[in-house]
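Before any comments, here is the structure.
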Amino acid sequence: MIKVLLSGCNGRMGQTITRLSVNNNELKIVAGFDINDSIKNDYPVFTNIEDCNIEADVIIDFSNPNAFESIIKYAVSRKVPLVLATTGLAPSQRALLNKASEQIPVFFAANMSYGVNLLIDLVKRASKALEGSFDIEIIEKHHNQKLDAPSGTALEIANAINSVLDQKQEYIYDRHSRREKRSKNEIGIHAVRGGTIVGEHTVIFAGNDEIIEIKHTAMSREIFASGALRAAKFLYDKKPGLYNMTDLIESNTI
Ligand SMILES: NC(=O)c1ccc[n+]([C@@H]2O[C@H](COP(=O)([O-])OP(=O)(O)OC[C@H]3O[C@@H](n4cnc5c(N)ncnc54)[C@H](O)[C@@H]3O)[C@@H](O)[C@H]2O)c1
């Protein structure tokens, strides 16, 4: 049985993972970490990760960038592999994550769903095929409790597009402060927030007299939760390094 320390255990994603892992006979949550300890779980919850004296084989984190430094410190000092799903990390935190991966296995994905990662693959192929003749815009929609904008996934999609284009594109976030025509060398990125939308990402390729749209809609948080559990199973016995969804998909464990 793989022992999991669940960070952000009392949030929306933490509770979805808690529910899903009840019937999982390969992984078991042995402890939780959350600044909010008002929810009763079947495992002990620590409000300070340093106080957690329960041994774990892997950490799954869906919390907040404010928790990042303490989680990294804990994972590296105790040599516990880390599945990091929290989005909105600062560039300095991403650099720290890369550095930590020299010492422990780290899995990072701004989106743990298989479908979104397939969308990224399709979008890369479309971007290459349409380069120079179609304008690319990304629209993402999320619930009204989401803190970061645009979503980590929208940025990951934009980075994936740039990775295959010869002419790198500039990211333009919304357009309210600009009174000028769109240039050919940009990707527009737009965030919508409202209600309980779990997550929607649409990539628009707009050409002359034709439009192609590639869209993914998440209907429940379970797709991210089950992806994170698979990532934990994949990661816990790996060598130090930085792993992502492509590694997981190629390992055929999904
Ligand atoms: N990678 C993915 O597939 C994916 C999918 C969904 C959400 N997310 C990301 O996961 C994170 C959590 O999402 P959520 O919807 O569950 O949010 P949430 O606000 O419901 O839950 C976050 C939890 O973290 C706790 N927390 C906040 N600050 C903390 C700190 N400093 N120390 C310890 N605990 C702290 C909160 O008390 C809360 O219980 C967000 O960054 C979100 O964007 C990633």
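Count charges around Phe68 for me, please; just the other residues with Cβ under 12 Å from its Cβ, Lys/Arg as +1, Asp/Glu as -1.
Working: positive: Lys73, Arg94; negative: Asp61, Glu69.
Every neighbour counted, the sum reads 0.
Quick check: the distance between the Cα centres of segment 1-55 and segment 147-163, to the nearest angstrom?
Spelled out, the Cα-based centre of one part sits 28 Å from the other.
Name the residues of segment 85-124 whose amide N is less than 19 Å from a point 7 angstrom out from the Cα of Tyr173 along the C-beta direction?
86-95, 110-111
Given Cβ point charges of +1 (Lys, Arg) and -1 (Asp, Glu) and nothing else, what value in debye, to the nearest 20, does the dipole of segment 114-218 about its Cα centre take? Please list the in-between numbers first.
Details: 14 positive and 16 negative charges, 43 e Å.
My answer is approximately 200 debye.
Please report the antiparallel percentage of the DSSP beta bridges confined to the chain, to the nearest 5.
Values: 15 of 47 bridges.
About 30 percent, rounded to the nearest 5.
May I ask for the percentage of alpha-carbon pairs in segment 63-148 that lie more than 21 Å from each other? Spell out each step's value before the answer.
Details: 1731 of 3655 pairs.
The proportion of pairs with Cα distances above 21 Å equals 47 percent.
What percent does the relative contact order of segment 72-181 come to when contacts are Cα pairs within less than 8 Å and at least six residues apart? Don't skip to the end; give the middle numbers.
Values: 70 pairs, mean separation 29.1, N = 110.
It comes to 26 percent, rounded to a whole number.
Which net charge results when you count Lys and Arg as +1 and Asp and Glu as -1 among the other residues whose beta-carbon is under 11 Å from that of Val30? Each step should come with its number before you reach the end.
Details: positive: Lys3, Lys28; negative: Asp42, Glu55, Asp57.
Once positives and negatives cancel, what remains is -1.
For Cα pairs less than 8 Å apart in space and 6+ apart in sequence, what is the mean separation divided by the residue count of segment 14-85, i.e. the relative contact order in percent?
Details: 68 pairs, mean separation 17.3, N = 72.
Averaging sequence separation for qualifying contacts and normalising by length gives 24 percent for segment 14-85.
What Kirkwood radius, in Å to one decimal, follows from the Cα pairs of segment 114-218? It would help to have the intermediate numbers written out before the result.
Values: mean 1/r = 0.0709 Å⁻¹.
The Cα-based Kirkwood calculation yields 14.1 Å.
Using r as the Cβ-Cβ distance of Asn53 and Gln145, and R0 as 30 Å, what FRET efficiency do you calculate, to the nearest 0.05? Could you put the intermediate results ahead of the total?
Details: r = 32 Å, r/R0 = 1.07.
So, using R0 = 30 Å, E works out to roughly 0.40.
Where a number appears in this text, it was derived from the coordinates with a stated rule and is not lab data. Remember, it's a predicted structure, so these values are computed and weren't measured experimentally. All Cβ positions, glycine included, derive from the backbone under ideal geometry; neighbour counts span all protein chains shown.
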